[in-house]
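Report on one structure; see the data block that follows.
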Amino acid sequence: EGFLKEKLIAKSKKLNIDKNVKFAGHVDHKQVLEVLANASACVMSSIWPEPLSRTALESLSVTTPLVISKRSGNAEFFKNKRWGYTVSPTTDDLTNGIIKALKNKKKLKENLISDRQFINRLLSQKIYDSYQRIYRQLLK
(Lines give C-alpha, C1' and ligand atoms only; values in the text may rest on other atoms or scores of the structure.)
Protein backbone atom coordinates (compact mmCIF):
# COMPACT_ATOMS: atom_id res chain seq x y z
CA GLU A 1 0.00 0.00 0.00
CA GLY A 2 1.09 3.59 -0.29
CA PHE A 3 0.82 6.58 -2.53
CA LEU A 4 2.98 5.06 -5.29
CA LYS A 5 0.77 1.99 -5.67
CA GLU A 6 -1.37 3.26 -8.55
CA LYS A 7 1.67 4.63 -10.39
CA LEU A 8 3.51 1.32 -9.96
CA ILE A 9 0.50 -0.67 -11.18
CA ALA A 10 0.24 1.57 -14.24
CA LYS A 11 3.99 1.32 -14.86
CA SER A 12 3.93 -2.49 -14.58
CA LYS A 13 1.15 -2.56 -17.21
CA LYS A 14 3.03 -0.15 -19.47
CA LEU A 15 6.16 -2.33 -19.24
CA ASN A 16 4.06 -5.46 -19.82
CA ILE A 17 5.24 -7.07 -16.57
CA ASP A 18 1.92 -6.80 -14.74
CA LYS A 19 1.31 -10.56 -15.03
CA ASN A 20 4.53 -11.11 -13.03
CA VAL A 21 3.74 -8.57 -10.30
CA LYS A 22 1.28 -8.87 -7.46
CA PHE A 23 0.42 -5.92 -5.21
CA ALA A 24 -0.77 -7.91 -2.22
CA GLY A 25 -1.72 -5.10 0.15
CA HIS A 26 -2.27 -6.23 3.74
CA VAL A 27 -1.42 -9.89 4.38
CA ASP A 28 -2.21 -11.69 7.65
CA HIS A 29 1.04 -12.37 9.51
CA LYS A 30 0.48 -16.12 9.48
CA GLN A 31 0.72 -16.02 5.69
CA VAL A 32 3.60 -13.55 5.38
CA LEU A 33 6.48 -16.04 5.28
CA GLU A 34 4.61 -18.26 2.82
CA VAL A 35 3.83 -15.30 0.56
CA LEU A 36 7.43 -14.05 0.78
CA ALA A 37 8.87 -17.51 0.11
CA ASN A 38 6.75 -17.82 -3.04
CA ALA A 39 7.46 -14.29 -4.28
CA SER A 40 9.94 -13.58 -7.06
CA ALA A 41 11.04 -10.47 -5.14
CA CYS A 42 9.99 -8.29 -2.23
CA VAL A 43 9.78 -4.55 -2.88
CA MET A 44 10.18 -2.05 -0.03
CA SER A 45 9.56 1.46 -1.31
CA SER A 46 10.13 3.49 1.87
CA ILE A 47 10.23 7.23 1.24
CA TRP A 48 11.21 8.27 4.78
CA PRO A 49 14.18 7.14 6.84
CA GLU A 50 12.85 3.89 8.23
CA PRO A 51 14.57 1.79 10.88
CA LEU A 52 15.26 -1.89 10.43
CA SER A 53 12.28 -3.53 8.73
CA ARG A 54 11.06 -6.95 9.78
CA THR A 55 9.71 -7.60 6.27
CA ALA A 56 13.19 -7.25 4.77
CA LEU A 57 14.61 -9.59 7.39
CA GLU A 58 11.86 -12.13 6.76
CA SER A 59 12.44 -11.93 3.00
CA LEU A 60 16.13 -12.64 3.41
CA SER A 61 15.38 -15.51 5.79
CA VAL A 62 13.31 -17.27 3.09
CA THR A 63 15.82 -16.38 0.32
CA THR A 64 13.55 -13.94 -1.51
CA PRO A 65 15.49 -11.19 -3.31
CA LEU A 66 14.77 -7.61 -2.26
CA VAL A 67 14.34 -4.29 -3.99
CA ILE A 68 14.73 -1.76 -1.19
CA SER A 69 14.75 1.99 -0.88
CA LYS A 70 18.05 3.69 -0.07
CA ARG A 71 16.16 5.47 2.70
CA SER A 72 15.44 2.23 4.50
CA GLY A 73 17.54 1.28 7.52
CA ASN A 74 17.97 -2.09 5.83
CA ALA A 75 20.18 -0.49 3.17
CA GLU A 76 22.93 -0.19 5.80
CA PHE A 77 23.59 -3.94 5.89
CA PHE A 78 22.06 -5.03 2.59
CA LYS A 79 24.44 -6.43 -0.04
CA ASN A 80 23.36 -4.49 -3.13
CA LYS A 81 23.44 -6.50 -6.37
CA ARG A 82 24.07 -9.72 -4.39
CA TRP A 83 20.78 -10.06 -2.48
CA GLY A 84 18.72 -7.72 -4.67
CA TYR A 85 18.89 -4.03 -5.46
CA THR A 86 19.01 -0.80 -3.49
CA VAL A 87 17.22 2.02 -5.34
CA SER A 88 15.96 5.55 -4.87
CA PRO A 89 12.27 5.58 -3.86
CA THR A 90 11.06 6.90 -7.20
CA THR A 91 8.68 5.14 -9.56
CA ASP A 92 11.31 4.76 -12.29
CA ASP A 93 14.06 3.49 -9.98
CA LEU A 94 11.73 1.07 -8.20
CA THR A 95 10.47 -0.23 -11.54
CA ASN A 96 14.01 -0.69 -12.87
CA GLY A 97 15.01 -2.46 -9.65
CA ILE A 98 12.06 -4.83 -9.98
CA ILE A 99 12.93 -5.60 -13.59
CA LYS A 100 16.56 -6.33 -12.64
CA ALA A 101 15.45 -8.54 -9.73
CA LEU A 102 13.11 -10.54 -11.98
CA LYS A 103 15.78 -10.95 -14.67
CA ASN A 104 18.40 -12.03 -12.13
CA LYS A 105 16.15 -13.93 -9.71
CA LYS A 106 17.95 -17.25 -10.04
CA LYS A 107 21.41 -15.80 -9.29
CA LEU A 108 20.10 -13.62 -6.43
CA LYS A 109 18.42 -16.66 -4.81
CA GLU A 110 21.64 -18.66 -5.21
CA ASN A 111 23.54 -15.85 -3.48
CA LEU A 112 21.01 -15.74 -0.64
CA ILE A 113 21.21 -19.50 -0.17
CA SER A 114 25.00 -19.36 -0.25
CA ASP A 115 25.02 -16.52 2.30
CA ARG A 116 22.33 -18.04 4.55
CA GLN A 117 24.61 -18.64 7.55
CA PHE A 118 26.00 -15.11 7.33
CA ILE A 119 22.49 -13.67 6.96
CA ASN A 120 21.22 -15.55 10.00
CA ARG A 121 24.11 -14.29 12.15
CA LEU A 122 23.69 -10.76 10.80
CA LEU A 123 19.95 -10.71 11.34
CA SER A 124 20.23 -12.06 14.87
CA GLN A 125 22.73 -9.34 15.76
CA LYS A 126 20.69 -6.57 14.08
CA ILE A 127 17.51 -7.62 15.89
CA TYR A 128 19.37 -7.84 19.20
CA ASP A 129 20.90 -4.39 18.66
CA SER A 130 17.49 -2.90 17.79
CA TYR A 131 15.83 -4.31 20.90
CA GLN A 132 18.72 -3.23 23.07
CA ARG A 133 18.42 0.34 21.73
CA ILE A 134 14.67 0.37 22.45
CA TYR A 135 15.11 -0.97 25.99
CA ARG A 136 17.80 1.60 26.76
CA GLN A 137 15.50 4.39 25.59
CA LEU A 138 12.67 3.06 27.74
CA LEU A 139 14.91 2.97 30.80
CA LYS A 140 15.93 6.63 30.47
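The values are calculated or read from the model by the stated rules, or taken from the named source; none is laboratory data. These figures come from a predicted structure and were not determined experimentally. We place every Cβ from the backbone using ideal geometry, glycine too, and count neighbours over all the protein chains shown. Side chains are part of the model used for accessible areas, which takes the heavy atoms of the whole protein and leaves out ligands, DNA and RNA. Shrake-Rupley method; radii C 1.70, N 1.55, O 1.52, S 1.80 Å.
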Roughly how big is region 1-114's charge dipole about its Cα centre, with Cβ charges of +1 (Lys, Arg) and -1 (Asp, Glu), in debye to the nearest 20? 520 debye
Full-stretch length increase - Asn20, Ala37 - with 0.36 nm per residue and alpha-carbon distance subtracted: 4.6 nm
Translational diffusion coefficient of region 16-94 at 4 °C, 1.567 mPa s, Stokes-Einstein with Kirkwood Rh over Cα pairs, in µm²/s as a whole number. 100 µm²/s
Rounded to the nearest 0.05, what FRET efficiency is calculated for Leu4 and Leu139 with R0 set to 30 Å and r the Cβ-Cβ distance? 0.20
Using a 1.4 Å probe on heavy atoms of the protein chains only, the accessible area for Val27 in Å², nearest 10, reads 40 Å²
Accessible-area value, Asp93, 1.4 Å probe, nucleic acids and ligands omitted, Å²: 60 Å²
Angle check, please: helix 91-103 long axis (alpha carbons) against the longest principal axis of the chain (alpha carbons), in degrees 0 to 90, nearest 10. 90 degrees
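With the convex hull built on the Cα atoms of region 1-52, state its orientation-averaged projected area in nm². Could the numbers behind the result be given before it?
Working: hull surface 17.7 nm².
That works out to 4.4 nm², a quarter of the Cα hull's surface.
Normalised by the residues of the chain, what does the relative contact order come to in percent, with Cα pairs under 8 Å and at least six apart? Show your work: numbers first, answer last.
On the way: 165 pairs, mean separation 28.6, N = 140.
The normalised contact order for the chain reaches 20 percent.
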Starting from the residue with the highest accessible area, list Thr95, Thr90 in decreasing order, probe 1.4 Å. Thr90, Thr95
Kindly state, to the nearest 0.05, the FRET efficiency for Phe118 paired with Asn80, given R0 = 22 Å and r defined as their beta-carbon distance. 0.90
Evaluate Rg over Rh across the chain, taking Cα atoms for both radii and Kirkwood's formula for Rh. 0.98
